[in-house]
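Notes follow once the structure below has been shown.
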Amino acid sequence: MPDPEAAVLDALAGLKIGYERLECDPEAADTAVFCARYGIPPERSANTILVASKKEPKVHAACVVLATTSLDVNHAVRGLLGVSRLSFASAEETVAVTGMIVGGVTPFGLPAALPVYVDEAVMAPEWIVLGGGGRSSKIKLAPAALRLVPGLQVVPGLARPRA
C-alpha cells in the first residue's frame, strides 16, 4: 500500500497549497488528545469523516467539520447524497475507500470520484489543522486552500454545534 502521508504531500504540492506539516505522536492523533497535547484549540481542528450508505451499491462521501461540531449525517449529508440511510464508515471501510487510517484522513489525496463536503464553519478561522494522511502528522493551513480541491463543496449547515 502506498504511503498515505506522502500521497497527501504530493496532492498539496500538485495543488500548489501552502501549509505547515505538524509532527504528531501516532498515539495522540485522535482530535481531543491531539488538541490537548499540542495546544491546538478545538475550534481550529477539523475532522474529515467518511460516511457510507447502508444499501448496496455503497455511496461514500468525505465530510470535513470542526472538532467543536457534529456532522449532520441524518439530514444534511443524506440529502446531499440522495440516499435513504447513511452511517459513519467503519475504520476498515475508511482505509479501503480513502487509503488513509482514522485519525489521519484529510481531503487532500482522496480518490477523485469521492465527493468532499466541507461545513461552512470550517472556512471561518484564519487557519485550521487537518489530518495528514496518517497518524504521525497533521496539516496546518488557511481554510481557503480547501477550495482548490477539485469537486469540493462548501455546505452551510453540514454540521451542528456540539451540545
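Simple rule: put +1 on each Lys or Arg Cβ and -1 on each Asp or Glu Cβ in the chain, find the dipole, and look at Val129, Gly79, Ala6; the Cα lying farthest toward the positive end is Gly79.
Computed over the chain, relative contact order equals 31 percent, with contacts defined as Cα pairs under 8 Å that lie 6+ residues apart. Each residue was assigned an accessible area with a 1.4 Å probe, and for Arg162 the value is about 130 Å². Using the Cβ-Cβ distance between Ala144 and Tyr38 with R0 set to 25 Å, the FRET efficiency works out to roughly 0.65. What FRET efficiency comes out for Lys55 versus Asp30 if R0 is 30 angstrom and r is the Cβ-Cβ distance? Round to the nearest 0.05. Given R0 = 30 Å and the Cβ-Cβ separation, E is 0.50. When both bridge partners sit in the chain, DSSP labels roughly 75% of those beta bridges antiparallel. Rolling a 1.4 angstrom probe over the chain with all protein chains present gives an accessible area of which 56% lies on carbon and sulfur atoms. On a per residue basis, the chain carries 48 Å² of accessible surface, using protein heavy atoms and a 1.4 Å probe.
From the alpha carbon centroid of region 119-158 to that of region 18-49 is 13 Å. Charge tally around Ala89: other residues with Cβ under 13 Å, Lys/Arg +1 each, Asp/Glu -1 each, net 0.
Under the combined filter of DSSP loop state and at most 16 neighbouring Cβ atoms within 10 Å, region 31-137 retains these chymotrypsin sites (Phe, Trp or Tyr not before Pro): Trp127.
The values are calculated or read from the model by the stated rules, or taken from the named source; none is laboratory data. Quick caveat, the model's predicted, so the values are computed rather than measured. Quick reminder, even Gly has a Cβ in these numbers, built from the backbone with ideal geometry, and neighbours come from all protein chains shown. Each accessible area value is taken on the protein alone, full model and side chains, heavy atoms only, with ligands, DNA and RNA left out. Shrake-Rupley method; radii C 1.70, N 1.55, O 1.52, S 1.80 Å.
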